[in-house]
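Visitor: Let me give you the structure first, and then I'll get to my questions.
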Amino acid sequence: MKIKVCGMKHPENIQQLIQLPIDFMGLIFYSKSPRYVVELNPKHLSNLPSNIKKVGVFVNAELQEVENRVKEYFLDYVQLHGKETVEYIKELRIKIPNLRIIKAFSIAEIEDIEKTEEYEEVCDYLLFDTKTPQHGGSGKKFDWTILNNYKGETPFFLSGGISLEDTEEIQKIQHKKLYALDLNSKFELKPGLKDIKQLDKFLNKIKRYNQ
């Protein structure tokens with residue numbers, strides 16, 4: 001199972017994080033988020049291992065802004081966390097042909113999962129997060145049994161309040177399209193500053209279960 005750690009913004013913290021066996025690092029380009037990364041100098045990302053992919057998180061951003069940030073921060077993926085349409089994503093693919101795209105969906109009930117169908121042909125991955133007014137980072141989980149209603153073929157990230165105490169419950173999820181876990185607020189000392197020791201404990205627990 002792949003691991004994404006989202007909401008990074010402090011250079012020293014980033015250097016600590018990349019010592020862990022993670023697969024994705026998320027940078028939030030949403031000005032209303034306490035994890036807004038815009039003051040981070042892109043040079044602090046220059047030594048990231050090639051196996052850790054940089055994901056830029058955007059909420060209803062103008063296409064030009066997304067393109068600018070992808071080039072400035074050398075992003076491998078973008079995660080669209082707002083009300084971006086299929087047409088928007090198609091335009092983005094034309095602008096940046098090799099970009100990988102994750103579309104986030106806020107989940108509270110079965111009907112929220114059903115909204116994913118039209119996006120499958122334009123996205124590389126989906127992400128299921130807890131429905132909140134602030135577009136993620138709430139530290140709250142949704143009812144994971146809702147995942148059983150996802151019948152699509154696009155792999156998905158599971159997000160929303162995942163903590164160190166959830167490893168056993170995660171192992172019970174048997175969905176064949178669960179691709180990655182998205183870790184954020186439950187592993188923070190403060191917004192944007194991750195507790196590396198807690199993340200390390202979580203990764204070791206997940207590794208033991210997967211053996």
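The values are calculated or read from the model by the stated rules, or taken from the named source; none is laboratory data. Predicted model only: the values in this text are computed from it and were never measured. Reconstructed Cβ throughout: ideal geometry from the backbone, glycine too, with neighbour counts over all protein chains shown. Just the protein is used for accessible areas: all its heavy atoms, side chains included, with ligands, DNA and RNA removed. Shrake-Rupley method; radii C 1.70, N 1.55, O 1.52, S 1.80 Å.
Visitor: Going through segment 29-60 one residue at a time, which ones are open to solvent by 20 Å² or more (accessible area, probe 1.4 Å), closer than 28 Å to Gln171 by Cα and assigned to a strand (DSSP E or B)?
Guide: Of everything in segment 29-60, those that are open to solvent by 20 Å² or more (accessible area, probe 1.4 Å), closer than 28 Å to Gln171 by Cα and assigned to a strand (DSSP E or B) turn out to be Lys53, Lys54.
Visitor: Can you say whether Lys4 is within 18 Å of Ile196 (Cα to Cα), among the charged types (D, E, K, R), modelled with pLDDT of 95 or more and open to solvent by 40 Å² or more (accessible area, probe 1.4 Å), as far as the supplied structure shows?
Guide: Against the criterion (within 18 Å of Ile196 (Cα to Cα), among the charged types (D, E, K, R), modelled with pLDDT of 95 or more and open to solvent by 40 Å² or more (accessible area, probe 1.4 Å)), Lys4 does not qualify.
Visitor: Next question, about the same structure. Give segment 171-189 a look and list any residue that's modelled with pLDDT under 95 and more than 12 Å from Val5 (Cβ to Cβ), or say none.
Guide: Selection gives Gln171, Lys172, Ile173, Gln174.
Visitor: For segment 109-127, how many residues are open to solvent by 50 Å² or more (accessible area, probe 1.4 Å), closer than 19 Å to Ile162 by Cα and of a type in the set (A, V, I, L, M)?
Guide: Matching residues across segment 109-127 total 0.
Visitor: Return the only residue of Thr167, Thr130 being closer than 22 Å to Val78 by Cβ and crowded, with 18+ Cβ neighbours inside 10 Å.
Guide: Thr130
Visitor: Consider Val66 carefully, then state whether it is open to solvent by less than 60 Å² (accessible area, probe 1.4 Å), aliphatic (A, V, I, L, M) and either part of a helix (DSSP H, G or I) or in contact with a Pro (Cβ under 7 Å, 6 or more places away or on another chain) (or both).
Guide: Against the criterion (open to solvent by less than 60 Å² (accessible area, probe 1.4 Å), aliphatic (A, V, I, L, M) and either part of a helix (DSSP H, G or I) or in contact with a Pro (Cβ under 7 Å, 6 or more places away or on another chain) (or both)), Val66 qualifies.
Visitor: Let me ask something else. Give segment 170-211 a look and list any residue that's part of a helix (DSSP H, G or I) and open to solvent by 40 Å² or more (accessible area, probe 1.4 Å), or say none.
Guide: Listed by number, the residues that qualify are Gln171, Lys186, Lys197, Gln198, Asp200, Lys201, Asn204, Lys205, Lys207, Arg208, Tyr209, Asn210.
Visitor: Please work out which one of (1) part of a strand (DSSP E or B); (2) open to solvent by 20 Å² or more (accessible area, probe 1.4 Å); (3) within 24 Å of Ser50 (Cα to Cα) is the condition Ser106 fails and give its number.
Guide: It is condition (3) that Ser106 fails.
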